[in-house]
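One structure below.
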Amino acid sequence: MTDHHIFDIEAFDHELKTTRNPLPLFQKALKQGTEKLQSLFEAGEPVTALVHSRATHIDDLLIRAWHYYLPTDAHLALIAVGGYGRGELHPGSDIDLLILLGEENHAHLNEHLEQLLTFLWDIGLEIGHSVRTLAECIQEAEKDITVTTNLMESRLLTGPSTLFDAMREATGPNKIWPSDAFFAAKWEEQKQRHSKYGDTAYNLEPNIKEGPGGLRDIQMIGWVAKRHFDAKNMRDLVFEGFLTEREYQALIKGEAFLWKIRFALHILNRRREDRLLFDYQRILAAQFGFRDKEDSLAVEQFMQIYYRNIMRLNRLNEMLLQHFEEAILLKDQLENPTRINARFQSSNGFLEVTRKDLFHRYPFALLEIFLLLQQNPALKGVRASTIRLIRNNRHLINDNFRNDLRARSLFMEIMRQPQGITHELRRMNNYGILARYIPGFRNIVGRMQYDLFHVYTVDEHTLVVTRNLRRFAVPEHAHEYPLCSEIMDFLPKSELLYLAGLFHDIGKGRGGDHSTIGAVDALKFCKHHNLSDFDSELVAWLVEKHLILSMTAQRKDTSDPDVIQDFAKEVGDTTRLDYLYLLTVADARATNPARWNSWKNALLRELYLATKQAIERGPHRPQVLDELIKEKREDAIMQLNEKGITRKHAEALWATLSEDYFQHTSATALAWQTQQVLESTPADLPLVLLRRQTSRGGTEVFHYGKNDDGLFALATTILDQLNLNIVEARIETASTGYTLNSYQVLDDNGKPISGQDRKQEITAALKAGLSQKERAGYEVSRRIPRRLKSFSTPTQITFGQIPGHQFTVMKLITSDRPGLLSQVGWAFAACQIRLHTAKIATIGATAEDIFFITDSNNQHLTEAAQFDCIRKTLLENLGEESHKTTSDK
C-alpha cells in the first residue's frame, strides 16, 4: 500500500494529552480509519495491503488506550493473538487479545483492566480477550491446541518483551505440543471441519473461511510451517523445498482472492460475515465488474472463478499435507519402495513414479496411474511428489495424447473396472486431468447454476451422478434402490451408462440445448475410443434424452394409456429404457439430494414399469383406457369381497363417479376408498383418513364429504399450515353432490407421515377446518424461507386443451412460496372452476404445477372471460400484476 495515512497520529496524540474524555476522540479515529480503508478498497487498492493497514490502525488505537488506562509501572503485556497476531484484520474481524500478567498478585490492576476493556467496547471494537499468567497460558495451551495455535501467532503490542519471550518459549514445540503431535491434531481438526461442510468446496453458499479450500486451509499450512520449520512466513517453505515458487505464488494469489471477497462481505454487512450467501453473490459479482452474458449470468461467472480458485487451493493443501506427513510423521518409518511395474512403485502405501522424467518419457502414464490405483485398492493414494509431477505435466495431454491408442485404451479400462471408478474420476478432476483429457469438461469445472435446484457445480454434480450409478452395482447398497440394483445386474455394458453420466451435462454453458450439444460430444468421444456404432449411438441418445423420463413423470398424466404409449414409442426398446431409468434416478438424486424423496422415486418407478409393460405388449397391442379401468374395477371387487362388501353396493357407488376417477385411482386405492365411503355414516362426515402408500412413497390424505366450491382451497391451506408438502391432488365430485378428494403428501422432512400423534394432529385439524365454511382464520402464515427470497421467477399462466378429453390444462410457473396451492384453489373457487387433478413440481425456487380443470359442468374452458378470471384472480392472490402472464397456447 502506498503512503496512505489512516488517521493523523500526531494530531490524535496532541488531543489525547489535553482531553478529559477520550471516548469521542477514539470513536472518531476508528470511524475515520474504517471509512478510509473502505474508500481505498473501492478505489482498487490491493486487499493484501488493506488487511495489514487495518491491523496497524487497531495497533495504534489499542496501544494508546492501554497507556491511557494502565499504570506505567504495571508488569503486564498486551499481546495480539490469532489472525490479529499475524497482522491481518478485515473490517469485521474479531480482535483477539491476550493480557499477560507478570505477577501472580494482580488484584490491584483489575479495576484498570476493566476500565480499559469497557472503553474498547464503547469505542466500537469487538474484543475477544483473555487475562492469564504465564503458568495459566501453559496450562491452557497444553489442554487445547486452539490456544497453542493462537499463542504461536502472537505479536507483542506493548509491555515487557522479556515477558512475551518467556511465554513464547514456554509454549513452543520444545515444551508442549511437539510438531508431530501438533500436525496430527491439526490435520484431524481439518478433516472434521471439512466433514461439517460435506467434504466439498462446492457448496451453494460457501463459507470462504472455514470450508474446504478456504482461508483456514491456507492458515493450516502456515501453522505447520511455523511449528515444525520455525518458518516466519509461507515463503520459507520454498527455501525448505516444500513449495515451488509457482505453488507459492498460487497460494498467495488464492489467498488475496479470498481476502478480497471477505473484505467486501464485511463492508457489505457492516460486521463479520464469511458466508457467501446468494444475495451477496449477486452484489459482489456486480461490484467486481462481472456482467450478464448470453450463456451465463454475471453471478455464475463470478462463482465459477471462485470455485476454480477454491479447487486449486484444495489441491495445494492436500499435496502439502502429504509432504508434511512424510517429513513429520513418517520421517523414521519410510520403507523401501515396492515395485508395481516399470513405471510405478508403492512407497509407504502411496503410489509414486520410479523416475522424475517418467511423464515426459511416457505421457500415457498420466492415465495409467489412475488405473493402477483401481487395480491396487490397498494403495492409500498418490505420493505428494508425484502429485506435483502430475500437476506440472498436465500440458502433455494434447491432441497427440488423446489420439494415442494407449491413452484411449487406458481411459476405457478405467471406465470398465469393477471398483474405484468414482474415486479415480474424482481424483482425475482434482488433479486437473479429466478436463485436459475431455476438453468439453473444462467448461463445466466450477460452473454453478444460480438457482436452488442445482446444489452442486456442474462438474461436481456429474461426479455425484457417476457415484450414484456405481452404487447400483455394489451389492452392499442393493437395499437402497432394489429395482435399480436388479436392473444394473443385467445391464449388458455398465461402462456405457458411466459414459452417459459423464457427458449428460457437459454441454451446459455453451449456449443452446445442453442435451443436444452433449450428445454430439458423447458420440464423437465414443467413436474416437473405438466403441461400436450401436454403443456410441446409445450413449449419445442417453445424453440427448436424459431429461425425458423425469419430465414425463412430473408434467404429464401418466395414468393415461396414450401418454404411456407415446413415451414407449419414443424410448423404443427395453434396453434403452433400462439405461435411461438408471441414469434418471442417479441424476435426480445428484441434483439436490435434500429434495429427493420417496414420492419422486415412486413417480419414476411407476413410469418405468408402465413403459416397460407397454413396450413388451408391442405397438400393435396398446392398452386402451376401457380395458385398464375394467381391470382395476375387477381387482378392486375381489379385494372388497374379502372385506364383506358386495359388487352390488360397490357398483352403486361407482355409478355416481366419473371415468376419470377410475383412470387415476389404483385398484388398491379404489377398494380402500370405496370401503371407507360405504362404511361411513352421516355422523362421520367430513370423513378424513390417512393411509401410508408404500408403493407411491407418500401418505394419502383422503377426504369424503359434501362438496363446496372452496373445499380444495381450504384443504390445501390447512395442509400447508401443518407444514405438509402436497405432491399430488385428485378431486372427484360424485353426481350425488359428495366429493372424494385425495391428497398425496409428505411431511416437512420429505418422508411419509409417521407417528400416531402426528397423524391425529392432521386428522383433527382437517376435520375441524373442513367443517367450517368461512375462509377467515385459515390463511397461510408461514414465512418465505431466506433462500427463496433470493430468487424471483416471473409468473406464467398458460392454458391448453387435450384432444379427445374434457379437461383444460393450466400450467403455472411462479416463485415457490408457502400457501401457493391454496391461493390457486381460492382463484378456482372465485371463478367457478372445478379442479380434477393437480401435479405439483418444485424445481429449486420455482413451482411448475399442472392443473387439469373444467367449468362447473365438467366441460373444458372455451370462454375468454374464464381464462381472464383465473389469471386476474390468481395474480391478485399472489400479489402480482396481471400483465405478467403469458398468452394461451
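The values are calculated or read from the model by the stated rules, or taken from the named source; none is laboratory data. Remember, predicted model here, so these are calculated numbers, not experimental data. Don't worry about glycine lacking a Cβ; one is built from the backbone with ideal geometry, like all the others, and counts go over all protein chains shown. Heads up: the accessible areas ignore ligands, DNA and RNA and are worked out on the full protein's heavy atoms, side chains in. Shrake-Rupley method; radii C 1.70, N 1.55, O 1.52, S 1.80 Å.
The order of Ile517, Ile433 by accessible area, most exposed first and with a 1.4 Å probe, is Ile517, Ile433.
Computed extension gain for Ala864 through Thr574, at 0.36 nm per residue and net of the alpha carbon distance, reaches 100.0 nm.
Net charge dipole, the chain: roughly 1480 debye, given to the nearest 20, about the Cα centre with Cβ charges of +1 for Lys and Arg and -1 for Asp and Glu. Using a probe of 1.4 Å, the accessible surface attributed to Trp177 totals some 60 Å² when neighbouring protein chains are kept in position. For the chain, adding -39500 (n - 2.57) for each run of n ≥ 4 DSSP H residues and dividing by the number of residues yields -16500 deg cm²/dmol at 222 nm. Along the axis of the charge dipole computed for the chain (Cβ charges of +1 for Lys and Arg, -1 for Asp and Glu, origin at the Cα centre), the listed residues Gln375, Gly698, Leu100 are led at the positive end by Gln375. Close Lys pairs in segment 583-682, defined as Cα atoms under 25 Å apart and 8 or more places apart or on different chains, number 8. Taking Cα atoms only, the orientation of helix 494-503 departs from the longest principal axis of the chain by about 70 degrees.
Peptides 295-306, 630-641, ordered by how many other C-beta atoms sit within 10 Å of their residues on average, highest first, read 295-306, 630-641. May I ask for the net charge around Pro561, where only other residues with Cβ less than 13 Å from the Cβ of Pro561 are counted and Lys, Arg are +1 while Asp, Glu are -1? After counting each charged neighbour, the total is -2.
Among the GluC sites (Glu not before Pro) in segment 61-155, those placed in a DSSP loop whose Cβ has at most 13 other Cβ atoms within 10 Å are Glu103, Glu104, Glu126.
Every cysteine in the chain with no other Cys Cβ under 4.7 Å from its Cβ, please list them in numeric order. Those would be Cys137, Cys484, Cys526, since no other cysteine Cβ in the chain comes under 4.7 Å of theirs. Distance from the Cα centroid of segment 640-701 to that of segment 547-590 is 29 Å (rounded to whole angstrom).
Treating r as the C-beta distance of Gln801 and Asn269 and R0 as 41 Å, the FRET efficiency rounds to 0.20. Inter-part distance, segment 33-54 to segment 496-539, computed on C-alpha centroids, equals 49 Å.
On full extension, the segment bounded by Arg442 and Lys191 gains 87.6 nm, given 0.36 nm per residue less the C-alpha separation. Once the Cβ-Cβ distance of Ala49 and Lys253 is raised to the sixth power relative to R0 = 22 Å, the FRET efficiency obtained is 0.90.
Taking the accessible area of the chain, probe 1.4 Å, and keeping the other protein chains in place, the carbon and sulfur fraction comes to 48%. With all protein chains in place and ligands, DNA and RNA left out, the 1.4 Å accessible area ranks Val543, Val520 as Val520, Val543, largest first. On a per residue basis, the chain carries 44 Å² of accessible surface, using protein heavy atoms and a 1.4 Å probe. Note on Lys260: aspartates and glutamates with a C-alpha under 12 Å away, same-chain residues under 8 apart excluded, are Glu42, Glu45, Asp274. Extension gain for Asp626 to Glu294 (0.36 nm times residue separation, less C-alpha to C-alpha distance): 114.6 nm.
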